[in-house]
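Q: This structure is in structure tokens; I'll ask about it shortly.
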Amino acid sequence: MARHLVRLTYYSAVPDDLTKRDLREILAASQQKNRRLEITGGLGFNRRRFIQTLEGDRAAVTGLVQKIFADPRHTAPVITSCHEIVDRAFPDWSMMWLGEELFTEQLMRKYSANPNAVIDDLDDDQLERFVLDLGRELVQRRLDAVVEL
Ligand SMILES: Cc1cc2nc3c(=O)[nH]c(=O)nc-3n(C[C@H](O)[C@H](O)[C@H](O)COP(=O)(O)O)c2cc1C
């Protein structure tokens, strides 16, 4: 049990040469390791941006995020929020793949007509809500997030 449970959200830039195979490897490693660290969360992607939310003990989340930010498979990470929470939004997901299609669709529907530029324009609360909404919507649609990748 985490003594101080936090939720951290960041976005980063996706390199042009990132492959589907890279994504699969990132997700597989995340799901395995996060389970051990009792970290949960969601990872979304739209060719230009990753957005990720990590939930867990604050020391564990801090340690992991340093490792993630040193990963050359993305660049220029920007932390948009990190705060204490009472309940996890992704209790059943060591790392939920939030997909690409729904990511773009949700952005266009809710926030902007331009899915390529908008992530950087959203404020911190909107970004957190965006990730949580994506997760909720995926569960509602009963998509198998991993198969979607
Ligand atoms: C966008 C992105 C998100 C990632 N998310 C996680 C994650 O949630 N958990 C994790 O263990 N690794 C994550 N990784 C991978 C780590 O950077 C690292 O490769 C992985 O933890 C394996 O490290 P190790 O082989 O030293 O144990 C992510 C990488 C990227 C590029």
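Q: Arrange Arg73, Arg49 by Cβ neighbour counts within 10 Å, fewest through most, would you?
A: Neighbour counts put them in this order, fewest first: Arg73, Arg49.
Q: Taking the C-alpha atoms of the chain, how large are the radius of gyration and the largest Cα-Cα span, Dmax, in Å?
A: Gyration radius and largest Cα-Cα distance of the chain: 14.1, 42 Å.
Q: Provide the net charge surrounding Arg47, with neighbours chosen by a C-beta distance below 13 Å and charges set as Lys +1, Arg +1, Asp -1, Glu -1.
A: -2
Q: To the nearest 20 Debye, how big is the dipole of the range 5-148 about its Cα centre, given +1 on the beta carbon of each Lys and Arg and -1 on that of each Asp and Glu?
A: With Lys and Arg at +1 and Asp and Glu at -1, about 380 debye.
Q: If I take every Cα pair under 8 Å that is 6 or more residues apart in the chain, average their sequence separation and divide by the length, what percent do I get for the relative contact order?
A: So the answer I get is 33 percent.
Each value in this text was obtained by applying a stated rule to the coordinates, not by laboratory testing. Treat the numbers as computed from the prediction; the structure is a model and nothing was measured. With ideal geometry, Cβ positions are generated from the backbone for all residues, glycine too; neighbour counts draw on all protein chains shown.
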